[in-house]
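First the structure, which I've put down as structure tokens, then a few questions once you've had a look.
The values are calculated or read from the model by the stated rules, or taken from the named source; none is laboratory data. Small disclaimer: the values here were computed from a predicted structure and weren't measured. A quick note on method: Cβ atoms are made from the backbone with ideal geometry, for glycine too, and the neighbour counts reach across all protein chains shown.
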Amino acid sequence: MNISYRWLQALRPDLTLSPVETAEVLALRGAPVEEILPASSGLQGLVVGRVEEVHGHPDADRLWVCRVDVGDAGETKPLQVVCGAPNVRSGGLYPFAPVGAVLPGGLEVGRASIRGVESQGMLCSEAELDLGPDAAGLLELEGEPEPGTTLARALGLDDWLLDVEVTANRGDLLSHLGVARELPPPGEDAGARGVDVSAEPGEEPLPAIPGATSFRPTLETDGEEVSSEGVRIRIQDPDLCSRYLGAVIRGVTVGPSPAWLANRLRAAGARPINNVVDATNYVLLELGQPLHAFDLDRLEESTVVVRRARQGEPLRTLDGEDRSLTSEMLAICDASRPVAIAGVMGGEDSEVSDETTDLLLECALFEPKSVRATRSALGMSTDASYRFERGVDPAGMERALTRAVEIIQATGGGTPEDVVLDVCPGPWQGLRVPLRPSRVEAVLGVAMGPVELEELLSPMGFRVLGSEGDTLDVSVPGFRSYDVRREVDLIEEVARSYGFDRFPEDLGAFRPGTVPDDSLFRLEDELRDLLVGEGLLEAQVAPFAPDREGEVALSNPVNVEEGFLRTRLLPGLFRRAEFNFARGIRNIRLFTLGTVFFRGAPGELPREEIRLGLILTGDRHPLHWADESPKADLWDVKGFLELLLFGARLGEATIQEGAPKEATGGQIVPGRGFSVTDGDGRLVGWGGEVDEGVVDAPAWADPLFGVELILPDPPPAPPTPLFEEPPAFPGVDRDLALLIPGDLPARKVEQVIRGAAGPLLVDLLVFDLYEGKGVPTGMRSVAFRLRYQSRERTLTDRAVDDSVVAVMDRLREELGVKPRE
Amino acid sequence: MTGNETLIDILKSLEAEALQALEAAREPGELENLRIRYLGRKEGRISGVLRRLGELPPEDRPAAGAEANRVKKSVQAALEARKKALEEGGGEEALEGGGLDLSLPGRRSWHGARHPVTQVIDEIWDIFRSLGFTRARGPEAETEWYNFVALNTPLDHPAADEQDTLYLRDSFLLRTHTSPVQIRTMERYPPPVRIIVPGMVYRRDTPDATHTPAFQQIEGLAVDEGITFVDFKATLAEFARRFWGPGTRVRFRPSFFPFTEPSAEVDVKRVITRADGSVTETDWVEIMGAGMVDPAVLENAGYDAERYTGFAFGMGPARIAALKFGIPDIRAFFENDIRFLRQFSGDPRLLNPSVST
């Protein structure tokens, strides 16, 4: 909401706060000011110029050479300016842009020679200064300002524009009066106590309208239909319009607004249009009540019917758009057709124009949800709809209407009818909300008695009407009747009035909650520790994915290229690898924890899984002068899977050779992948070498490896280690170099060894693998180290030899495997 | 800063400078020059400082004088030691340990790091854990009921506009905040509840320096009998002072959220101590939205709103991380540039992004 500081001052003559201080106070009352701008920000360097003489240009029919007095602002006195405006006249006062000034449109005024005559600056039109639409001639300045006066001052724009952020509940702050009500009286501690609007809410004094005579109409009221002097108003759908006031003014002259009105609107960031529209906009900005002026002659049978539109009824709105209305939208109609969309925008045909003489001025109250639904169905939002959606003061309507009539009469003459038509199916009854001091204390933690509560509430327009037992009966002013409807809403007002900063901050005792700490968060923490310890960096990847990678579609994606939710983490990490490759980074070790989404059962939410993904490429260790520099390879992948089996509490899970295509999306090189299945045989992870075609990698990049794991949800408790006495007797190692056919998995050999070796075998590991010279083609030499150990005695060579012989016999019998000679 | 401290600081830096220069000296001649420069009676810099003792107020003089004598002795001793070393060994560092060049760098592993936003979440969680909170989680795809309606935000109210929602099919949506977990948790567990909810949330925002369509949020909720606005302020002020330091000022500004009442924005003003010891305060920075839980929310979750009260809050750890680490553009959090992530490994040598990768 754009608030003019001078307008606030006009509403609150007692205001002593500077614009900056005003902003600070508003912030502490829940309406922070985003920025403070000088209202004349586009008019720097511009001054008032008085044309003293006008001569025709010697070489051009439509140009004039003027002598212009610009006070102290010119280098010489007076200046010579060439001008093409038809309305320039001797003695006229106009905006003057000296050489070097920059106009709002970005044009820098230079010293120019126009058809051989030097021009030392520029006289400006309204349009050139972005102050209004008129480009036909120079802007004539009113009020006899001295030449050389800054233009901002001459236009009443020596003001500040406060951009006030208004929360969705506070429709009442969408007006200067509403903001003025929030400001404290002079001398009060800004943050602490409320405003002192001593007048009854809705009756605060308003700034005088120059030249206005007071308008005191008689209301002709009915719940359904009112006629007077040939004008008829009827509400057919009272559920969407609780009141419609119509004032008739005849014989009005429509034309430009006087300077005070135009300047006031400009200062609040609005553009003047004509005196009638400006009067309605003035009231909207001052009091928050949207009004609409119809050209009465354009309303068939001088009739207004407030009804739902018929499906498909057409209306060309003020913005020139042809709209098709629906039966859910409330329309303002004449005897036959819609002439406005209620609370949103008027129609072009009944718009006030220069020819208009008789007006019907509408001041109505429309149902907020209906206005919201209508304007969003039409894809538009207007100053009026914005306010109706958030609630317009039901108690402020008559004042708003009479004020608009007074302004129109003062600026355009004409005669208002004495009778204002008032169709009122849902009169404002007032709103009363009970308030218990005991509840105030229970919520706020500070005891406050009835007297103190009344003192806190009444400056904000609330009145304590009485009490029953301990309960206060509080009336709510109309302008707060949308957001203060319950006891807790009043309690918030009490807290705001008391001042949030005045509440103590004593940390009291608390009881522990019943909610256990989520075990999946703990597992995620453990995995982060584990992988960070392994030298991996944690990445964060948003779950948006192209359609081929997702099952669940977004209806309104930010980026249509990523219109789905991911079903796997690795593709997102691959893109991160590409990002780093593109920056010349070759050693990439990333992991991420995140959610993937699958189509849910019909009518159910998507199914979610929390997963862990990691990618590796480049050097296994940072380069070191003493070492060779191995690259990450498939055994790193398998090592991570082995590490994560217990790290991710997949205790019963096993690793198999081969990664199923359905899970990996075919992104793992065949024959270079692994899969992990849990105790129930469910696939819970996979990993391997990433296919070259998947990642856009530069030629220098090393192979890329990836692992993805589904985390158990909820994770099983980690196993509790049970103490075992370390063996007291030494162990014995035996190394076996075995010749194994290339197609026989080492795991089979390992199983046979374990089965044959007997209980004394406590450990078994592969410590070497050799192919090549000395080993027959198609065979591999695999070296196993067997560790034997007993808890009862020191082992004899004999006992170990017996076991090794048994192992070799079984290997030969079952697998045909022999020792390497 | 008093004049006394300044003099003592000057003495300390003179000492450091002198010791370094002595260590670097290779010849006895250099040593003599250094002796004159630092310890000389007329032009020596330490003597120079001693002469300025008179400028100090009388009560400060003894401390400064003592320091000056200590520094003089220390430099003297170092000078003697260096003289001796140069006479004995020629000053060159020998390869010790049988010809091994021990100046070569050691063998290191890759440095891992938690994501900077995770680090901030960890820090926030640590504080709330010590204040009796546990962590809860909920789904990221949600219903309109949990994301809006149960949180006292009717879909036809303008407040629903403020969170531009990413919708899925069947009126399902990606949660716009972690607040749905308030309802889900209260449905499942009886009071008292004291939880925080870290998690990813989604808004239909075009990415820019301060917006990403996916971002982390941390929700908090405390509900019990007798919880008041005073507890609310106290808990969050305690959090802010533990997170940003004990001198931090905390401000509660009235605001509006449909699911809390009274609602507040919480601002902090941090105290920053510069390297030169000077102290400044930052501007007010908004760090979270919060308030007393609206009774409608408690009722929607099946709690007795007359008996139980509580407070709730939500903050953006990415925004806080950006403030804390001085990151100008939060899109960096999702780019995952290795050189960026490594800066958060805790190893100061990795702070320089030009280190080879």
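Restricting to the stretch A:428-461, what's the tally of residues that are of a type in the set (Val, Ile, Thr) and assigned to a helix (DSSP H, G or I)?
Selection size over the stretch A:428-461: 3.
Do we find that A:Val464 is without any contact (Cβ under 8 Å) to a residue 60 or more places away in the chain, away from chain B (no Cβ under 13 Å) and outside any helix (DSSP H, G or I) in this structure?
In short, yes.
Next question. In the stretch A:492-527, how many are under 18 Å from A:Arg170 (Cα atoms), more than 7 Å from chain B (Cβ to nearest Cβ) and among the hydrophobic types (A, V, I, L, M, F, W, C)?
Result for the stretch A:492-527: 1.
Does A:Val443 fit the bill of being over 20 Å from A:Arg463 (Cα atoms), away from chain B (no Cβ under 14 Å), touching a residue at least 24 places away in the same chain (Cβ under 8 Å) and not hydroxyl-bearing (Ser, Thr, Tyr)?
no
Follow-up question, since we're still on this one. Tell me yes or no: at least one residue of the stretch B:249-265 is surrounded by fewer than 22 Cβ atoms within 10 Å (Cβ to Cβ), touching a residue at least 24 places away in the same chain (Cβ under 8 Å) and more than 10 Å from chain A (Cβ to nearest Cβ).
yes
Does at least one position in the stretch A:414-430 carry a residue that is within 14 Å of chain B (Cβ to nearest Cβ) and not β-branched (Val, Ile, Thr)?
no
Tell me, yes or no, whether the stretch B:90-111 has at least one residue that is under 28 Å from the mean Cα position of the chain (by Cα) and within 30 Å of B:Asp224 (Cα to Cα).
No, every residue in the stretch B:90-111 fails to be under 28 Å from the mean Cα position of the chain (by Cα) and within 30 Å of B:Asp224 (Cα to Cα).
Got a number for residues in the stretch B:206-237 being over 17 Å from B:Val117 (Cβ atoms) and not in a strand (DSSP E or B)?
14
Looking at the stretch A:559-575, which of the residues that are at the interface with another protein chain (Cβ under 9 Å from one of its Cβ atoms) and buried (at least 23 other Cβ atoms within 10 Å of the Cβ) is farthest from the chain's Cα centre (by Cα)?
A:Leu573
Another question, if that's okay. Please specify each residue of the stretch A:756-765 satisfying the condition of being closer than 25 Å to A:Gly639 by Cα and surrounded by 13 or more Cβ atoms within 10 Å (Cβ to Cβ).
A:Leu761, A:Val762, A:Leu764
OK, next. I'd like the residue in the stretch B:99-125 that is more than 11 Å from chain A (Cβ to nearest Cβ) and closer than 28 Å to B:Arg319 by Cα and, out of all such residues, is surrounded by the most Cβ atoms within 10 Å (Cβ to Cβ).
Restricting to residues being more than 11 Å from chain A (Cβ to nearest Cβ) and closer than 28 Å to B:Arg319 by Cα, the top hit is B:Val120.
Does B:Arg274 satisfy the criteria of being under 16 Å from B:Ala321 (Cα atoms) and away from chain A (no Cβ under 13 Å)?
no
I would also like to ask the following. Select from the stretch A:108-133 the residues that are crowded, with 16+ Cβ neighbours inside 10 Å and in contact with a helix residue (DSSP H, G or I) (Cβ under 7 Å, 6 or more places away or on another chain) and write down the one among them that is modelled with the lowest pLDDT.
Only one residue fits best here, namely A:Leu131.
Tell me which residues, restricted to the stretch A:757-784, are closer than 19 Å to A:Val807 by Cβ and in a loop (DSSP other than H, G, I, E, B).
Within the stretch A:757-784, A:Gly758, A:Pro759, A:Leu760 meet the criteria.
Of A:Val766, A:Val775, A:Val800, which residue is of a type in the set (Val, Ile, Thr) and within 60 Å of the chain's Cα centre (by Cα)?
A:Val766
To continue, here is another question. Can you name the number of the only condition in (1) aromatic (Phe, Trp, Tyr); (2) farther than 17 Å from B:Gly314 by Cα; (3) in contact with a helix residue (DSSP H, G or I) (Cβ under 7 Å, 6 or more places away or on another chain) that B:Phe172 fails?
With respect to (1) aromatic (Phe, Trp, Tyr); (2) farther than 17 Å from B:Gly314 by Cα; (3) in contact with a helix residue (DSSP H, G or I) (Cβ under 7 Å, 6 or more places away or on another chain), B:Phe172 is out only on (3).
Mind checking which pairs have a first residue in the stretch B:189-212 that is in contact (Cβ under 8 Å) with a residue 40 or more places away in the chain and closer than 26 Å to B:Thr228 by Cβ and a second that is surrounded by fewer than 16 Cβ atoms within 10 Å (Cβ to Cβ) and small (Gly, Ala, Ser), Cβ under 8 Å, 6 or more apart or different chains?
That search, which allows pairs on different chains as well, returns B:Arg194/B:Gly132.
Anything in the stretch B:209-248 that is buried (at least 22 other Cβ atoms within 10 Å of the Cβ), within 22 Å of B:Leu298 (Cα to Cα) and within 11 Å of another protein chain (Cβ to nearest Cβ)? List them, or say none.
B:Leu221, B:Ala222, B:Val223, B:Ile227, B:Phe229, B:Asp231, B:Phe232, B:Lys233, B:Thr235, B:Leu236
Further question on the same structure: Which number in (1) more than 9 Å from chain B (Cβ to nearest Cβ); (2) surrounded by 15 or more Cβ atoms within 10 Å (Cβ to Cβ); (3) not in a strand (DSSP E or B) marks the one condition that A:Glu609 misses?
Just one mismatch for A:Glu609, condition (3).
I would also like to ask the following. Is it the case that A:Asp529 is assigned by TED's automatic domain parsing to the domain that holds A:Ala699, at pLDDT 95 or above and under 30 Å from B:Gly310 (Cβ atoms)?
No; evaluated as a whole, the condition is false for this residue.
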